[in-house]
Amino acid sequence: MRQKPLLMGLTALAVVSDAMLLPFYPQFFAERFGVNDPQHVGAYLAAMCLTVMFALPLWARLVRHMPLLQLLVFTQLAAGLLCLYCYWTTSLAGFWLLSLAMIAFKGSYLLVYPYLIGLSEEGEHAATVGLLSVIVHFGGIAGALLGGLLLQGADGGQVFLLMAAGDALQIAICLYLLWRQPLAALTPAAKPAVATAVATGGDDGGRLRRVYRLAGLMLLFYFSAYLVRAFFALHWQAVSGIGDSRLAAAVFALPALLALAGLWHNRQRAHRGLEPLGSLPVMLLIGTAGLLLQALPDAALLLLGRCLFGWAMFQLTVQLDVQLFRLGTAQSYAADYSKINFCQNLGVLAASYAAGALVAGQGLAMPFLVAAAGFVLTALLYPLLAVTPRKLVTA
């Protein structure tokens, strides 16, 4: 019985749940609680990121003492129950409290990502990262479309009922895997033949310094990339003049199609023994062009920019994540990933707050201009912060 497809399915379910309201929080708060302040939306998205930032390292510590799948059974059960409370509550303060607690428990599924990398051979890391990236993108499509459908024709609060159903399915997958195989078979095996020597001699301190340098690079990258997410649906509707939430959700999720094309392209090159086309700085410049085009008041140019941005985001995400997993072993992946994820979410948190302030003060196009500047700065800093360890050798 192959566990990796089921674990990827679990990841897809979790991503769909996360994405259902992501493009529509401004509309959700306006409809459900009568709150129309963009800064309130930005503050809530920032609080979500802050919650994941501090919750994930705690889950990573717990995984040292209990199997991940056992942990997920309990955390997703708690998340599902809190989803039901979010559906019932009519208090804005109560929604904040309950939904953030729900997000803290839901965030434990992020540890499936380094767990899956640990189950893969070193040569499969790039392919696994790319496939997971596509799953995340298409989970975003499904989630955004479901959210758009519910907001278009029903109470947006029903999203939380679907979230609870997703949590129940995740629990079922975990229980099935625990039932079919012993815990020892579900634990990534150590790979003693792989030496983790890097340029500074392979000591753990040198590895951590490289992890933190990569984390700093990712902080700036994620701040720039996520700056344009929260108000994208409103921006598209303003530029195109089309108020349909379903179409806005489809345009929001357009980068997923480019991620699928990127995955196919990378695999074709890999079969010929070639690296992905385009270095990380080149992809940052392509992403910059995509962001600038999305800022223009023309729907056709916005769509073109969305495609360029989607292609660049896929390639950048794969290249940065592969650098992380080249630094350690299967036993260090969860701890290293929790550090990287902390900085990623710090970037998302800052972006969430900044997006609300930028839109409130400068309009819907300004986040795209600031994000483009952030991509340029990331490209300039890349030579200083890039992690380029020597090729891992076998003992």
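Where a number appears in this text, it was derived from the coordinates with a stated rule and is not lab data. The structure presented is a predicted model; accordingly, all values stated were derived computationally and were not measured. Quick reminder, even Gly has a Cβ in these numbers, built from the backbone with ideal geometry, and neighbours come from all protein chains shown.
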Tell me, what HN-Hα J-couplings in whole Hz come from the Karplus equation 6.51 cos²θ - 1.76 cosθ + 1.60 at θ = phi - 60° for each residue of the range 44-54, using x for Gly and Pro?
-> 5, 4, 5, 5, 4, 5, 4, 4, 5, 4, 8
Kirkwood Rh for the range 1-63 from C-alpha pairs, in Å, is 14.1 Å
Fluctuation leader among ALA256, ALA47, ALA79 - the chain, Gaussian network, Cα springs under 10 angstrom = ALA47
How high is the relative contact order of the chain, given as a whole-number percent (alpha carbon pairs under 8 Å, six or more residues apart)?
-> 29 percent
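On a full-extension model of 0.36 nm per residue, what is the gain between LEU377 and ALA47, subtracting their alpha-carbon distance, rounded to one decimal in nm?
Details: separation 330, 0.36 × 330 = 118.80 nm, distance 2.59 nm.
Length difference between fully extended and current span is 116.2 nm.
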Dimensionless Rg/Rh of the range 80-159, both radii on Cα and Rh by Kirkwood, sits at 1.11
Amide H proximity to VAL35 below 5 Å, modelled H, separation 5+ or other chain, gives ALA30
Candidates PRO26, PRO255, PRO297, ranked by Gaussian network fluctuation over the chain, Cα under 10 Å, top entry | PRO297
Give the order of HIS65, HIS125 when sorted by the count of other beta carbons within 10 angstrom, beginning with the fewest.
-> HIS65, HIS125
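Can you give the calculated 222 nm mean residue ellipticity of the chain, where each DSSP H run of n ≥ 4 adds -39,500 (n - 2.57) and the sum is split over every residue, rounded to the nearest 500 deg cm²/dmol? Present the calculation step by step, with values, prior to reporting the outcome.
On the way: 16 runs with 296 residues, N = 395.
So the helix-based figure for the chain works out to -25500 deg cm²/dmol.
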Using the Karplus curve 6.51 cos²θ - 1.76 cosθ + 1.60 with θ = phi - 60°, work out ³J(HN,Hα) for each residue of the range 69-83 in order, rounded to whole Hz, and write x for Gly and Pro.
-> 5, 5, 4, 5, 4, 6, 5, 6, 5, 4, 4, x, 5, 5, 4
From phi via Karplus (6.51, -1.76, 1.60), per-residue ³J(HN,Hα) for the range 168-180 in Hz, x at Gly/Pro = 5, 5, 5, 4, 4, 4, 4, 5, 5, 5, 5, 6, 7
Taking a ≥ b ≥ c as the square roots of the Cα gyration tensor eigenvalues, with a/c under 1.5 meaning rounded and otherwise prolate when a/b beats b/c or oblate if not, the range 251-363 comes out oblate
Based on the Cβ-Cβ distance from LEU62 to ALA360, what FRET efficiency comes out when R0 is 35 Å, to the nearest 0.05?
-> 0.35
Please build a GNM for the chain, connecting alpha carbons under 10 Å apart, and tell me which residue among GLY94, GLY143, GLY130 fluctuates the most.
-> GLY94
